[in-house]
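Remarks on the structure that follows.
The values are calculated or read from the model by the stated rules, or taken from the named source; none is laboratory data. Just so you know, these numbers come straight off a predicted model, no measurement behind them. Note that we place each Cβ from the backbone using ideal geometry, even for glycine, and neighbour counts take in every protein chain shown. In case anyone asks, the SASA skips ligands and DNA or RNA and just uses the protein heavy atoms, side chains included. Shrake-Rupley method; radii C 1.70, N 1.55, O 1.52, S 1.80 Å.
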Amino acid sequence: MVCVLVVGALAVAAYFVGVASSGSSAASSGDTAASVPQSDGPLQAAFPRSDPVTSAIAWLRASRELSYRDASPTEWIDRALPVVTGELQRQYQQARTGSVGADWDDFVADHCRTTVEGPAGVIPAEAPRTASVVSVQVTGNLRTSCDVQSAAVPPVESVAATIELTRSSDGLWRVRQRLY
């Protein structure tokens with residue numbers, strides 16, 4: 001699925017929007033995001049939960065967050081695998097064969113990190129729901145910050161998705177597919 005390939009590349013691509021657009025870096029706009037020191041800790045893997053909204057938020061973070069400490073821009077796949085079903089796991093594994101992108105080296109050199117801030121989720125009242133399947137809407141703000149002050153940092157991007165989760169035999173909710 002083309003959508004799956006795009007998810008990992010979007011976070012890295014968002015970082016480089018500022019490179020192509022003059023005056024869009026945080027340093028030139030007065031935003032201090034470029035000078036915020038990065039956490040030295042690794043990004044955490046997502047784990048399924050007994051609450052579908054909590055599992056959905058874990059998926060959003062795992063599928064969108066990147067760090068210069070990642071071995072590759074597809075490391076998000078390893079973080080997301082525990083919270084997705086087998087079919088989606090297979091699709092994500094196929095995404096590993098894609099290009100790392102021309103800008104990954106700059107992302108790493110500038111010690112950048114993309115995180116989801118203020119993640120939230122809701123089960124829409126109008127969404128169909130059963131005891132084992134539910135749709136959840138998740139949102140957050142994607143922020144890239146870098147240790148290198150001269151790095152071009154894109155503006156904060158609002159991200160959203162509607163995903164379908166299924167309750168597994170262990171009682172935990174996992175993402176089956178992205179609907180929107």
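Structure data summary
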{"quantity": "Condition met for residue 144 (within 30 Å of residue 106 (Cα to Cα), in contact with a Phe, Trp or Tyr (Cβ under 8 Å, 6 or more places away or on another chain) and of a type outside the set (A, V, I, L, M, F, W, C))", "calculated": "yes"}
{"quantity": "Subset of the range 53-90 (residues that are of a type in the set (Lys, Arg), open to solvent by 40 Å² or more (accessible area, probe 1.4 Å) and either within 22 Å of residue 158 (Cα to Cα) or touching a strand residue (DSSP E or B) at 6+ places or on another chain (Cβ under 9 Å) (or both))", "calculated": "61, 69"}
{"quantity": "In the range 140-180, the residues that are open to solvent by 20 Å² or more (accessible area, probe 1.4 Å) and of a type in the set (Phe, Trp, Tyr)", "calculated": "180"}
{"quantity": "Single condition residue 129 does not satisfy, out of (1) surrounded by 18 or more Cβ atoms within 10 Å (Cβ to Cβ); (2) over 15 Å from residue 159 (Cα atoms); (3) not hydroxyl-bearing (Ser, Thr, Tyr)", "calculated": "(1)"}
